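> Can you keep this structure in mind? I'll have questions shortly.
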Amino acid sequence: MFEINDSADSMTDTQFVSPDDLRAAFSSAMSAMYREEVPAYGTLMELVATVNAETLAADHELRDRLAATDSLERISEERHGAIRLGTPQELAMMRRAFAVMGMYPVGYYDLSTASVPVHSTAFRPVADSSLKRNPFRVFTSLLRLDLIADEALREQASAVLAARSIFTDGAVRLIEKAEQEGGLAKADAQHFVAEVLETFRWHDEAIVDADMYKRLHDAHRLVADVVSFRGPHINHLTPRTLDIDKVQALMPANGIVPKAVVEGPPTRLCPILLRQTSFKALEEAVSFIGPDGEWWQGSHTARFGEIEQRGVALTPKGRALYDKLLNETRARVRPAADGSNATEYVASLSDVFRAFPDDWNGIRKAGLGYFRYSLTEKGRTEAGRIMDIETAVAQDLVRFDPIVYEDFLPVSAAGIFQSNLGDEITQEFVASPNQVMFERDLGESVLDEFAYYAQIERTSVESCFSVLGQAAAAE
Ligand code: OOG
Ligand code: NI
């Protein structure tokens, strides 16, 4: 049974466990399960914890900033996972399960541009207080059989998917109960965690025979991963590090071989967006049912390890500059899958990214990143003065802190996908985003990430001005 740690103020009048506490318990149960299933994940967690402690001890400015914004605590428990679903019904039920844990779909990601036949969203907490309590996120993809050319295979795959149920009856019952009654009391909440966790478990017995597996695999490795098993096993769980270069450098000595280059922006004084690195998917023993009902031994690669470092969320202008600089780098040096030109690539990346300001005030003033404003001690005592935000910042009445990027960059980091699909040539797809279809299947529209960060920034400015004596925001 899983422990639910109630935060002091979390019980409502009706004695429901808060969605935030439920999410924290679920994330922790998932971590324990994955640690048992994939021991390298445990090693990575320990490495990240050590490096984070060292980084905080050495970098007081970072530590103070995290403490001042009340986000120091969350980091040691912070992680994201990823799953790949097979049908609209599975996606819709997954949305309802995550909603019970206070996780909502943010963003639409079209991965056909990275030659992967899925489209995705990220389920995550949205409110500031929820993110601080526990920011657990799950990158959730839905298979797009419409991108598979072989019609017969498409139909067979649909039939296999239609016949499976990825949720236990208990999970469905508790999801319905939570929806009807507005929450779950403690005993139900504990069952909910245990039941929903079952959906994410690894199964080493395939639900298709070896021949079907091979045909699915030949169409696309990811199709085989989605269709061949009883459920959407969690395929990685990623802790957040405060110094990804350091963890990357220490991985080999701990028996883990990382990709040659860290995906995303280069090493910087002021981290932006998201940097990620991974180790390759493991080849794991699975069995397939044979023609006479006996089991055949085979293998499947799906699960891998990943770490990430999160930086400031960028505005559309900042994101456009990021994309431009990344494309410019890749036009100069295309990183080879075997890592042979990694040094050259990293050097070009750093060189090209000199065009992106690397101090917080520069990023802020250029309108490239989102910041949260708050009153300084001085600002609180000098309330009632009317001014604009720049004057308030210049006079040290208001401070600003970067708003952390809570989302993903899977397409610009297509390298993560590719390294996990193996280095062989994979099928190319014509880019075909279809957010309308995705949202119809999901049963709800996804939140726009930019609107969300802009709103946090705006609210923080307004609350400074409500004290400083001017209601109108800066711009
Ligand atoms: C999801 C990959 C996306 C990330 O960190 O960008 C992701 C998948 O492989 O299913 O997790
Ligand atoms: Ni990931």
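Each value in this text was obtained by applying a stated rule to the coordinates, not by laboratory testing. Since the structure is predicted, the reported quantities are computational estimates derived from the model, not experimental observations. Methodologically, a virtual Cβ is constructed for each residue, glycine included, from the backbone with ideal geometry; neighbour enumeration extends over all protein chains shown.
> Can you tell me which lysines have their Cα less than 19 Å from the Cα of Lys186? Leave out same-chain residues fewer than eight positions away.
Cα-Cα hits under 19 Å: Lys177.
> Any chance you could give the angle, 0 to 90 degrees and rounded to 10, that helix 316-332 forms with the longest Cα principal axis of the chain?
The answer is roughly 60 degrees.
> Follow-up. Could you list, bin by bin from short to long, the percent of Cα-Cα pairs of the stretch 79-123 in 5 Å steps?
Per 5 Å bin, starting at zero, the Cα-Cα P(r) for the stretch 79-123 comes out as 5, 18, 28, 30, 13, 5, 1 percent.
> Oh, and also: Step through the residues of the stretch 433-446 one at a time and calculate ³J(HN,Hα) from phi using the Karplus curve (6.51 cos²θ - 1.76 cosθ + 1.60, θ = phi - 60°), rounding each to whole Hz and writing x for Gly and Pro.
Those phi angles translate into x, 8, 5, 4, 5, 4, 5, 5, 5, 6, x, 5, 8, 8 Hz.
> If you don't mind, there's one more thing I want to ask. Please compute, for the alpha-carbon atoms of the stretch 20-128, the extent along each of the three principal axes and give them in descending order in Å.
Computed over the Cα atoms, the extents are 47, 33, 32 Å.
> If you fit an axis through the alpha-carbon atoms of helix 342-352 and take the longest principal axis of the Cα set of the chain, what angle between them do you get, 0 to 90°, nearest 10?
30 degrees
> While we're on this one: Work out, in µm²/s and without decimals, the Stokes-Einstein translational diffusion coefficient of the stretch 151-247 at 10 °C, 1.306 mPa s, Rh from Kirkwood over C-alpha pairs.
99 µm²/s
> Please give the peptides 56-62, 343-349 ranked by average Cβ packing (other Cβ atoms within 10 Å per residue), highest first, as a rough proxy for protection.
The peptides rank, most packed first, as 343-349, 56-62.
> For Lys280, list the lysines whose Cα falls under 24 Å from its own Cα; do not include residues on the same chain fewer than 8 positions away.
Those lysines meeting the cut-off are Lys214, Lys246, Lys259.
> Per q in 0.15, 0.24 Å⁻¹, report the Debye log10 I(q)/I(0) for the stretch 186-290, using one uniform scatterer on each alpha carbon and no solvent.
With no solvent term, the Cα-only Debye profile gives -0.88, -1.18.
> I need to check one value: relative contact order of the stretch 261-347, counting alpha carbon pairs closer than 8 Å and at least 6 residues apart, in percent.
For the stretch 261-347, the relative contact order is 28 percent.
> Can you pull the semi-axes for the chain, root of five times each eigenvalue of the Cα gyration tensor, sorted largest first, whole Å?
38, 28, 21
> In terms of modelled amide H atoms, which long-range or inter-chain residues lie less than 5 Å from the amide H of Val17?
Leu184, Ala185, Lys186
> Ok, one more. Order of 103-113, 305-315 by packing, highest average Cβ count within 10 Å first?
Packing order, densest peptide first, comes out as 305-315, 103-113.
> Based only on Cα atoms, what mean projected area does the convex hull of the stretch 66-196 have, in nm²?
9.9 nm²
> Quick check on the stretch 212-366: take the gyration tensor over C-alpha atoms, sort the square-rooted eigenvalues as a ≥ b ≥ c, and tell me if it's rounded (a/c under 1.5), prolate or oblate.
Prolate, since a/c reaches 1.5 and a/b exceeds b/c.
> For Cα pairs less than 8 Å apart in space and 6+ apart in sequence, what is the mean separation divided by the residue count of the chain, i.e. the relative contact order in percent?
Reported as a whole number, the value is 18 percent.
> Just for the Cα atoms in the stretch 178-217, what are the lengths along the principal axes, largest first, rounded to whole Å?
The Cα atoms of the stretch 178-217 stretch 47, 19, 11 Å along the principal axes, largest first.
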